[in-house]
Amino acid sequence: STYGAGQRDSSSQGMEIWKSALRLLELMAVVVSGGFLDGLKTRSGLTEAESGASTETPSVECTLQGSPRSPVYSADGDFIIGGVFSIHYQLYTVIYNYTTKPEPPRCAGSIDARELRFSRSMIFAIEEINNRMDLLPGIKLGYQIYDSCASVPVAVHVAFQLSNGQDPVFYKGSNCSRSGMVMAAIGESGSTPSISMSRIMGSFNIPQVSHYATCACLSDKQHYPNFFRTIPSDQFQADALAKLVKHFGWTWIGAVHSDSDYGNSGMASFLEAALREGICVEYSESFFRTDPGSKIQRVADAIRRSTAMVVVAFIASGDMRVLLEELDRAPPPPRQWIGSESWVTDTFMVRYSFCAGAIGVAIPQSVIPGLRDFLLGLSPSEAAASPLLTEFWEDAFNCSLTKSPAANNGECDGTEDLKRLENPYTKTSQLRVTNMVYKAAYAVAHAFHNALCRKINSTIQCDKFIKLNANQKVNFSQNGYHVSFDANGDPIAAYEVVNWQTTESGGTEVVTVGYYDASLPGGQQVQINRNITWMEGGSQVPVSVCSESCPPGTRKVLQKGKPICCYDCIPCPEGEISNMTDSPDCFPCPREFWPNANRDACIPKPVEFLSFDEVLSIILAAFSMSGVFLAIITAVIFFHHRTTPIVRANNSELSFLLLFALTLCFLCSLTFIGAPSEWSCMLRHTAFGITFVLCISCVLGKTIVVLMAFKATLPGSNAMKWFGPLQQRMTVMSFTFIQVIICIIWLVVSPPFPVKNLTTYKEKIILECALGSAVGFWAVLGYIGLLAVFCFVLAVLARKLPDNFNEAKMITFSMLIFCAVWITFIPAYVSSPGKFTVAVEIFAILASSFGLILCIFAPKCFIILCQPEKNTRKYLMTKK
């Protein structure tokens, strides 16, 4: 709506605006749902008026507003297919002063030879379809191909052009919206222009099939019901790139993307997938090729100063070219580039040596028979007939086809040969996206065929005047490649993994080194089947991590304020292990296991007990056998001198019994050495208790005999008849029998048993004998202590009796040692850990046994062997 200054008031202006808006809505609002061919309405068929139907609607003249845009290629046909490609990557900039009518936007800059190949491949496919007899026989397809300059304004202009047609005036009743010439459109190459085009063309139900628009947002059929594509969605590509990064163990990366629908949506999908894979992003920068140089330089500087060795670039080809040009001014440190399909297969990019070794995902290669000859068979005369091809030809061969006086180059002489030219237009060895254009043209043709053609008596008949409004499913194979669309208009996702490798001639080529298949199980989707050349020509996978992997035996602890990929490695605490790399936690070993030195595995705890092969056991066993030998030697000496006064005066019968008991005590200590078992546990404690009571009983008997013997010397005393040999034997047996009863009750009620002690030491198992009944154990010790104290008291009372052979003094000393040993035994026994508890018990047995034998028998043996003159009755009867 145009405003005349001062000629209308605000209300009238507002009313005019609303009327204009309503008329525009009536023109554009066409609501149709359906599949690929919902928008293929009859535009070349007969109208109701033409078929004779009566109508009273007056003819209305529809006038095209603005100047029509001319296609770069066009051909007439029964059905016209539109094509939109980003053949130029720059837009001619005009500063308007609002005094003249704006001109249609036009392209500037050099030609993108790859996009030119795409557009020519569409022509090749349509001509191939027109020459086939099994596909749309009798129907000729035409085309109108436009250059969008990779610009949204131009793409919008082209979309309206394809929807309206080129006739300046069209008479079509009252519905101008049905006056378009194009039945379907192929393109655009970029996602952002495709989105703008789809919103316009979708309103007129014109199907749009893109060969290179990968934005995941275009899968939303609610917003883009008439959009289809032959290339997989960026959602699949983002997952593939994240899986690829994870496959090589990179967890610390940088990310750059185009500030467009393609880049923003693709990077958002990639970051989401990377998060699921545990990948951290050091930086994420965006830009657009038309941004100020300072912003592009800021992005380049972020790459240069980053610590991440890997850069994931989800960038449109035109934007990537601008970034690489900026980086080329001051090449960054070695970086491993991970590229999206948009640029990683663009042969124009391989000239930048600092990107050597780049890897990425790409559409699988294909073979299109006859396409190379078609592309390279372009003659100078054919090129001169098209302004676009003329520009390409002149740029490629640096000559002039137009014979323009203003041309500085020489005139082309006709010997130019495209086969000798090396640029992206002529490189047809790896047809990837080109095949997507080829399949898009065939998809449109098969949709037309399904709607217009029927097989009657083995003959295919097509009716070009049929109304094209049915929902047609497209499912076909061409040159060995299957083509179909899912409910979102997307094809089946499959990628090749490609790598920039240096050739023998020093150049760089894109080589397929593996593949990605989303249908395979997790961990198997990325398959590498060829050697990869990494950055700087290396053969080893570069490392790009914020923190080195935590080895087994440690756990990850996140660094405060940093991403999850930045962490410290902390050794597992005592008793815990981690058996995998980058373990977030440590876990404890089972009760009978303990971590090894590296804390990466649980090993059985060593079982500890006082074994015979230990030095301590050998020493104790040696002392034990020495005691046995000493007791036997003493017994032999006493037996050999049994008739001497000193042996007879000291109750030889009790002496031999005491020596026998001491021998048993020495031997008893050996039962405490070795691995505990049920029998050894019961034997060691009961044998110890009974033999010691036997010893103390004998000593007690000898003490009583001394006392009785002194009283027997008094006039009129008959004490010895009450404590004769029989009574002595009965006393010893009675005291010992009580201990036997205590031990039997202990063994019956709750006997000692072997047990694995897991609490004293965490890192080892103590194999020991549990007491069973603690009451039984302390009853045995208590009874021994009671007899020892009683014996000690009697010995103290008899120590000053006037007798040269009085044993009371020696018994007193022996009992004093005995009691001291066992009193100190109790705290030592309780506090000693593990096998030392057993060693303390053995030491107490040996010490008390040696105390008895040395104090009681050593003085007598000394007199017998060294002072025989004292071993006489005369000396015995002498009074001191």
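Scanning the stretch 60-72 for residues being assigned to a strand (DSSP E or B) and surrounded by fewer than 18 Cβ atoms within 10 Å (Cβ to Cβ) gives a total of 2. Applying the criterion of being closer than 24 Å to Ser677 by Cα and assigned to a loop (DSSP other than H, G, I, E, B) to the residues of the stretch 594-629, the residue that is farthest from the chain's Cα centre (by Cα) is Phe612. If you go through the stretch 565-593 and pick out every residue that is within 20 Å of the chain's Cα centre (by Cα) and either closer than 14 Å to Leu758 by Cβ or of a type in the set (Ser, Thr, Tyr) (or both), you end up with 4.
Specify which of the listed residues (Ile823, Ile845) is among the β-branched types (Val, Ile, Thr), in a helix (DSSP H, G or I) and within 18 Å of Val699 (Cα to Cα). Give the derivation first.
Details: Ile823 fails: within 18 Å of Val699 (Cα to Cα).
Going through Ile823, Ile845 in turn, the sole match is Ile845.
Residues that are assigned to a helix (DSSP H, G or I) and either surrounded by fewer than 19 Cβ atoms within 10 Å (Cβ to Cβ) or modelled with pLDDT under 90 (or both) do not occur anywhere in the stretch 585-593. For Pro833, the test of being outside any helix (DSSP H, G or I), in contact (Cβ under 8 Å) with a residue 40 or more places away in the chain and either under 60 Å from the mean Cα position of the chain (by Cα) or in the same structural domain as Thr634 (by TED's automatic domain parsing) (or both) is passed.
If I go through the stretch 630-648 residue by residue, how many of them are in a helix (DSSP H, G or I) and polar (S, T, N, Q)? Show your work before the answer.
The first filter runs over the stretch 630-648 and keeps only residues in a helix (DSSP H, G or I), leaving 630-640, 645-648.
Narrowing the set further to residues that are polar (S, T, N, Q) leaves 634.
Of the residues in that region, 1 qualify.
Tell me, yes or no, whether the stretch 286-294 has at least one residue that is surrounded by 22 or more Cβ atoms within 10 Å (Cβ to Cβ), over 28 Å from Phe485 (Cα atoms) and either without any contact (Cβ under 8 Å) to a residue 60 or more places away in the chain or hydroxyl-bearing (Ser, Thr, Tyr) (or both). Step through it out loud before you land on a result.
So in the stretch 286-294, the residues surrounded by 22 or more Cβ atoms within 10 Å (Cβ to Cβ) come out as 287.
In the following step, the residues that additionally are over 28 Å from Phe485 (Cα atoms) were identified as 287.
Filter again for either without any contact (Cβ under 8 Å) to a residue 60 or more places away in the chain or hydroxyl-bearing (Ser, Thr, Tyr) (or both), leaving 287.
For the stretch 286-294, residues surrounded by 22 or more Cβ atoms within 10 Å (Cβ to Cβ), over 28 Å from Phe485 (Cα atoms) and either without any contact (Cβ under 8 Å) to a residue 60 or more places away in the chain or hydroxyl-bearing (Ser, Thr, Tyr) (or both): present.
If you filter the stretch 120-141 down to residues that are modelled with pLDDT of 95 or more and small (Gly, Ala, Ser), you find that the one that is nearest to Met183 (Cα to Cα) is Ala125.
Within the stretch 124-142, is even one residue within 48 Å of the chain's Cα centre (by Cα), not in a loop (DSSP other than H, G, I, E, B) and either not assigned by TED's automatic domain parsing to the domain that holds Trp343 or not β-branched (Val, Ile, Thr) (or both)? Yes. In the set (1) in contact with a Gly (Cβ under 8 Å, 6 or more places away or on another chain); (2) free of Cβ contacts under 8 Å to residues at least 60 places away in the same chain, Gln235 fails one condition alone, (1). Filtering the stretch 655-681 to residues that are surrounded by fewer than 24 Cβ atoms within 10 Å (Cβ to Cβ) and in contact with a Gly (Cβ under 9 Å, 6 or more places away or on another chain) leaves Leu657, Thr663, Leu667, Ser680, Cys681.
Checking the stretch 652-673 against the condition returns a match, with at least one residue being modelled with pLDDT of 85 or more and not in a helix (DSSP H, G or I).
Can you tell me which residues in the stretch 682-707 are of a type in the set (Ser, Thr, Tyr) and either surrounded by fewer than 23 Cβ atoms within 10 Å (Cβ to Cβ) or touching a Cys at 6+ places or on another chain (Cβ under 7 Å) (or both)? Even if it seems obvious, please write down each step before you answer.
Going residue by residue through the stretch 682-707, those that are of a type in the set (Ser, Thr, Tyr) are 686, 691, 697, 703.
Result: Thr686, Thr691, Thr703.
A single entry from Pro424, Pro491 fulfils the requirement of being in contact (Cβ under 8 Å) with a residue 60 or more places away in the chain and over 30 Å from Phe397 (Cβ atoms): Pro491.
With respect to Glu574, is the statement that it is farther than 30 Å from Pro232 by Cβ, touching a residue at least 60 places away in the same chain (Cβ under 8 Å), assigned to a loop (DSSP other than H, G, I, E, B) and charged (D, E, K, R) true?
On the way: farther than 30 Å from Pro232 by Cβ: yes; touching a residue at least 60 places away in the same chain (Cβ under 8 Å): yes; assigned to a loop (DSSP other than H, G, I, E, B): yes; charged (D, E, K, R): yes.
Yes: the conditions hold for Glu574.
For the stretch 517-539, state whether one or more residues are surrounded by 18 or more Cβ atoms within 10 Å (Cβ to Cβ), among the hydroxyl-bearing types (Ser, Thr, Tyr), in contact (Cβ under 8 Å) with a residue 40 or more places away in the chain and touching a helix residue (DSSP H, G or I) at 6+ places or on another chain (Cβ under 9 Å). No, that holds for no residue.
Condition first: in contact (Cβ under 8 Å) with a residue 24 or more places away in the chain and either in contact with a helix residue (DSSP H, G or I) (Cβ under 6 Å, 6 or more places away or on another chain) or closer than 24 Å to Met309 by Cβ (or both). Now tell me which residues in the stretch 548-571 satisfy that.
Initially, the stretch 548-571 is screened for residues in contact (Cβ under 8 Å) with a residue 24 or more places away in the chain, giving 549-556, 563-566, 571.
Across the stretch 548-571, the qualifying residues are Ser549, Cys550, Pro551, Thr554, Lys556, Pro563, Ile564, Cys565, Cys566.
Please note which strands (runs of 3 or more DSSP E) are completely contained in the stretch 197-302 and include at least 3 residues that are within 31 Å of the chain's Cα centre (by Cα) and within 30 Å of Thr533 (Cβ to Cβ).
On the way: elements: 208-210, 227-229, 252-258, 280-287.
Ranges flagged: 252-258, 280-287.
The values are calculated or read from the model by the stated rules, or taken from the named source; none is laboratory data. Quick caveat, the model's predicted, so the values are computed rather than measured. So basically every Cβ, Gly included, is an ideal-geometry build from the backbone, and we count neighbours across all protein chains shown.
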